[in-house]
């Protein structure tokens, strides 16, 4: 019944987009219109001045840091909305209730692996501005380690280790940390989220403590993402 | 003082982050929310005073100049909307203090305050965005928060409505993101001012790509603002939410898409070729559809809140229709109608909420003689209904007057006729309700329930007073709005 | 008209195809989980499209290496990588919230089928 209209709609959109794309700049052109002075500024500026080798991290946390604050807020909103929906749900009707695994190998291996995963996550967060990575990637790895703990040892023990209230507080506080770093820019006499413009020392290119506020923001985002992941999973596992 | 432009968004955001940290006990969440909203209102008022004379604040976040960094732009248009949006929020938050807690468990209640503030932050962020991608991010914040405040209510119809809204707004987000990336592909810019200068040349080289991108953006934001054939999510979502949430969703959240499109069409795409400029006219045709079919659907509803929700579809149609002629006078009317509808519909949903809170009745047929039990609430409801129809001395009349004048001035008498006709149709579904409420006989006499508590009544009556004030002395507001429309159209 | 140039843009085409497949899945399938999967396919398509815009033949990833080439044009467009990252985070948030809504709906109604939910409500 809804097959035909949906199919026609999709074909119509496909036709319009095919029309548009057949005249769009070809794929992979080095002189494509999007490769303009804006892009070159990011890359050249990075090479010579701000001293953050990972340009993507620099864009995310510095040039377009305001968008990233919005992005962290979207994560916060999703956790809030999901927590409000799942508050007071039992998790019983969804398949069988989630319990700890009784597989010895699984438990032993997880016990050994989790600390290393966490250290790697922290490494990716902390070195996000000098190498591939960043707060989002590292936070996901850190959250992944806690997710592994949840799946192997069950939601009850996870909540005992990391009470839900702590997770929520970490979530809100890490998001507010971003705002605080931004307000720091105003206090230093520049604009919101200002980095070098506010006189924050940028440090030596390629070293751990470099890039000014990028490092601070990355740390907050890492905690935020990790807290988001574990909060969502604990809620979905029905431990409220 | 320029920092106010960013604080306008940052204050409600911080409030939302505070709630799970400091608002874990009892009434603290409410106090944080109210304090935050009052601060935001003060901030918006200061911005309105600064920008009312036509001066726009351009704020460079992180001190990076426009093509590289994110720019925020607060002009008379965004400051005016921000001020009234946060003012309405004060009333809604104050109303929620008594209405919401008994419907929600403590955890959900805490997140309700947080999500309300996030919704406000998203709306204000959309109003002050001057960068396509930043616009997208704040669009997503408000969309997710809007779904969230529907689903805090633990009932099947709310959950289903929230899911439907979420999936459709994900499709809309996909369209918007694809449109943005097509535009970026051919221009290499995301900032509004740079796009406006780059687009005319680019549109000559890649006309179909630009047109497809604009069509995708219009579809996405049309869906988010419930433009006629894309409005299917709205009746369920707005009628199944808690009453204060409905007031915010119907009054404010659907307007964000309109604000985004106004800015895009009036300032970014205005210098582009005729094809792109014809798009508002197309939106106008859809708007007429919404005004007629929305009214017909509203007439057949038996549930009070569903009727109000369909009425929103109609009023969205007015705003798009007045916008589509791209005339300063009509645009003045359209912007004023954004605020007027927000006040009126907010008040109608809150008074419906009061009626439901006190009597538990939400079927239109059960409301006979309700005025004998709740006269003050019914006065507010009557002002709202009169404003919706456009009776003189209410604010609805002023905005409709300007919309009609503007459409006539732009040489579109047909549009003016549609506006008048649709007002007549609104009378057909609002007045029977009001007449039955005042003069109908209550089904069970003697069972006199007192009026709602003062803490719930004053927000509703305050909004009613605001409607009358805007209706009787519209002069100062109109002068600010004339400025806003002029700035928006770049004339 | 659609010209054969389209085939010089196969990467874009693949992104658009994924977008349309996802959209079609969302529109036609009655199962809520499949709708969410469609949503994710749709978003993945857009992200593929976006990173394809950023790529240029013979360029490096935009992470400066010590002693590497320093001229801006030898790298891919970092802005699109950054926007795609933001887009991914937003997509993940939407998915997580949609799934929690589905879990709750399933608990209350015992079905994931849209048509049956519609029937249950009326």
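The values are calculated or read from the model by the stated rules, or taken from the named source; none is laboratory data. The structure presented is a predicted model; accordingly, all values stated were derived computationally and were not measured. Reconstructed Cβ throughout: ideal geometry from the backbone, glycine too, with neighbour counts over all protein chains shown.
Structure data summary
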| item | result |
| --- | --- |
| Unique residue being under 21 Å from the mean Cα position of the chain (by Cα) and assigned to a helix (DSSP H, G or I) when the list is A:208, A:148, A:193 | A:148 |
| Selection within region A:2-22 - surrounded by 17 or more Cβ atoms within 10 Å (Cβ to Cβ) and more than 7 Å from chain C (Cβ to nearest Cβ) | A:20 |
| Selection from region B:45-77 of residues that are closer than 22 Å to residue B:256 by Cα, without any contact (Cβ under 8 Å) to a residue 60 or more places away in the chain and away from chain A (no Cβ under 14 Å) | B:45, B:46, B:47, B:51 |
| Breaking point among (1) assigned to a helix (DSSP H, G or I); (2) crowded, with 19+ Cβ neighbours inside 10 Å, for residue B:73 | (1) |
| Residue check, residue C:54 modelled with pLDDT under 90, within 10 Å of chain A (Cβ to nearest Cβ) and closer than 15 Å to residue B:177 by Cβ | yes |
| Residue list for region C:74-122, filter: modelled with pLDDT of 90 or more, more than 7 Å from every other protein chain (Cβ to nearest Cβ) and either more than 20 Å from residue B:148 (Cβ to Cβ) or in contact with a strand residue (DSSP E or B) (Cβ under 8 Å, 6 or more places away or on another chain) (or both) | C:80, C:84, C:88 |
| Hits in region B:1-25 (condition: outside any helix (DSSP H, G or I), closer than 19 Å to residue A:80 by Cβ and free of Cβ contacts under 8 Å to residues at least 60 places away in the same chain) | B:25 |
| Flag for residue B:22 being at pLDDT 90 or above and either touching a helix residue (DSSP H, G or I) at 6+ places or on another chain (Cβ under 8 Å) or farther than 30 Å from residue B:336 by Cβ (or both) | no |
| Where a residue in region C:1-29 is within 15 Å of residue C:48 (Cα to Cα) and its partner, wherever it lies, is at pLDDT below 80, with Cβ under 7 Å and at least six apart | C:13/C:6 |
| Exclusive hit being more than 9 Å from every other protein chain (Cβ to nearest Cβ) and more than 22 Å from residue C:108 (Cα to Cα), set B:99, B:103, B:131 | B:99 |
| Cross-chain or 6+ apart pairs with Cβ under 7 Å, region B:173-192 first and more than 7 Å from chain A (Cβ to nearest Cβ), then assigned to a loop (DSSP other than H, G, I, E, B) | B:191/B:66; B:191/B:67; B:191/B:130; B:192/B:130 |
| Boolean, residue A:131 is part of a loop (DSSP other than H, G, I, E, B), touching a helix residue (DSSP H, G or I) at 6+ places or on another chain (Cβ under 7 Å) and at negative phi | no |
| Any hit, region A:170-185, residues being assigned to a loop (DSSP other than H, G, I, E, B) and either modelled with pLDDT under 85 or surrounded by 17 or more Cβ atoms within 10 Å (Cβ to Cβ) (or both) | no |
| The one condition in (1) more than 21 Å from residue A:24 (Cβ to Cβ); (2) surrounded by fewer than 24 Cβ atoms within 10 Å (Cβ to Cβ) that residue B:150 fails to fulfil | (2) |
| Test result for residue A:142, within 14 Å of chain B (Cβ to nearest Cβ), within 26 Å of residue B:16 (Cβ to Cβ) and part of a helix (DSSP H, G or I) | no |
| Filter result for residue C:15 (modelled with pLDDT under 95 and out of contact with any helix residue (DSSP H, G or I) (no Cβ under 9 Å at 6 or more places or on another chain)) | no |
| Complete set of residues in region A:182-216 that are more than 11 Å from every other protein chain (Cβ to nearest Cβ) and within 23 Å of residue B:18 (Cβ to Cβ) | A:184, A:216 |
| Hits in region B:79-115 (condition: in contact with a strand residue (DSSP E or B) (Cβ under 8 Å, 6 or more places away or on another chain) and outside any helix (DSSP H, G or I)) | none |
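A quick yes/no check of all residues on (1) within 26 Å of residue C:111 (Cα to Cα); (2) in a loop (DSSP other than H, G, I, E, B); (3) within 12 Å of chain A (Cβ to nearest Cβ):
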{"residue": "B:117", "(1), (2), (3)": "no, no, yes"}
{"residue": "B:139", "(1), (2), (3)": "no, no, yes"}
{"residue": "B:148", "(1), (2), (3)": "yes, no, yes"}
{"residue": "B:159", "(1), (2), (3)": "yes, no, yes"}
{"residue": "B:167", "(1), (2), (3)": "yes, no, no"}
